[in-house]
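The values are calculated or read from the model by the stated rules, or taken from the named source; none is laboratory data. Predicted, not measured: the structure shown is a model, and the values here were computed from it. Cβ atoms come from the backbone with ideal geometry, glycine included; neighbour counts cover every protein chain shown.
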């Protein structure tokens, strides 16, 4: 009898303004076949010989607020495997707000670097590139400059047409798997050198605790 593969759960946060195509991006990935890697009627994929259950979390400002109101402690850092800084190339305000979110994100990323010598996987996506030639508000050079500063590889996608969606997520997942292995090795090394050292405890964040509140549009359907 063939032993069933164990399933690894991966959670990716897509962070950006409402109406930038975040949810369409996630839905497009789950609905498209990616080189026969997707299991039928599920969100499970086989990538890099790993059986993965992939979940997207959509983070955006609550109604009447902006990312200016987000503090580092509000970000569900310990629950998330990777972050996508997401904006629409035809809306400069979405790019500006994404940069605002990144300021809080970067505080935690620097802590991660100081603690583990690693950076949590993070990429920047400019969505709606199918309309970029007509209504583009965010110059490519501007986006690339931010990407370099943020240490977040830059990609442009079209959630509507599916352009680059599968390729981007598959590349990000490979980054996540490498990150997990590196962190596991570091933790193993620390535990061997100090057997009494307790492992990190997951923290509950503002985002996580409010996930199921019906009137909270942090996880808005218009994402």
Only one of these conditions is not met by residue 128: (1) touching a helix residue (DSSP H, G or I) at 6+ places or on another chain (Cβ under 9 Å); (2) closer than 19 Å to residue 12 by Cα; (3) surrounded by 17 or more Cβ atoms within 10 Å (Cβ to Cβ); (4) in contact (Cβ under 8 Å) with a residue 60 or more places away in the chain. Which number is it?
(2)
For segment 181-193, indicate whether the set of residues that are loosely packed, with under 15 Cβ neighbours inside 10 Å, modelled with pLDDT under 90, under 23 Å from residue 72 (Cβ atoms) and out of contact with any strand residue (DSSP E or B) (no Cβ under 9 Å at 6 or more places or on another chain) is non-empty.
yes
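Tell me, yes or no, whether segment 62-69 has at least one residue that is surrounded by 20 or more Cβ atoms within 10 Å (Cβ to Cβ), modelled with pLDDT under 90, at negative phi and assigned to a loop (DSSP other than H, G, I, E, B). Even if it seems obvious, please write down each step before you answer.
First pass over segment 62-69, keeping only residues surrounded by 20 or more Cβ atoms within 10 Å (Cβ to Cβ): 67.
Checking the rest, the ones that are also modelled with pLDDT under 90 come to none.
There is no residue in segment 62-69 that is surrounded by 20 or more Cβ atoms within 10 Å (Cβ to Cβ), modelled with pLDDT under 90, at negative phi and assigned to a loop (DSSP other than H, G, I, E, B).
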Could you tell me whether any residue of segment 96-103 is at pLDDT 95 or above and over 23 Å from residue 66 (Cβ atoms)?
no
Hey, any hits in segment 152-164 for a residue that's closer than 30 Å to residue 187 by Cβ and either free of Cβ contacts under 8 Å to residues at least 40 places away in the same chain or not in a loop (DSSP other than H, G, I, E, B) (or both)?
yes
In segment 169-196, how many residues are within 21 Å of residue 118 (Cα to Cα) and either within 17 Å of the chain's Cα centre (by Cα) or not in a helix (DSSP H, G or I) (or both)?
13
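Output the residues belonging to segment 81-93 that are outside any loop (DSSP other than H, G, I, E, B) and either touching a helix residue (DSSP H, G or I) at 6+ places or on another chain (Cβ under 6 Å) or under 13 Å from residue 14 (Cα atoms) (or both). Quick ask: steps written out before the conclusion?
Initial filter on segment 81-93 (outside any loop (DSSP other than H, G, I, E, B)): 82-88, 92-93.
82, 83, 84, 85, 86, 87, 88, listed by residue number.
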Only one of 124, 129 that is modelled with pLDDT of 95 or more and within 26 Å of residue 141 (Cβ to Cβ)
124
Filter segment 105-120 down to the residues that are part of a helix (DSSP H, G or I) and crowded, with 19+ Cβ neighbours inside 10 Å, then identify the one that is farthest from the chain's Cα centre (by Cα).
109
Go through segment 144-175 and report how many residues are surrounded by 14 or more Cβ atoms within 10 Å (Cβ to Cβ), on the phi < 0 side of the Ramachandran plot and in contact with a helix residue (DSSP H, G or I) (Cβ under 7 Å, 6 or more places away or on another chain).
14
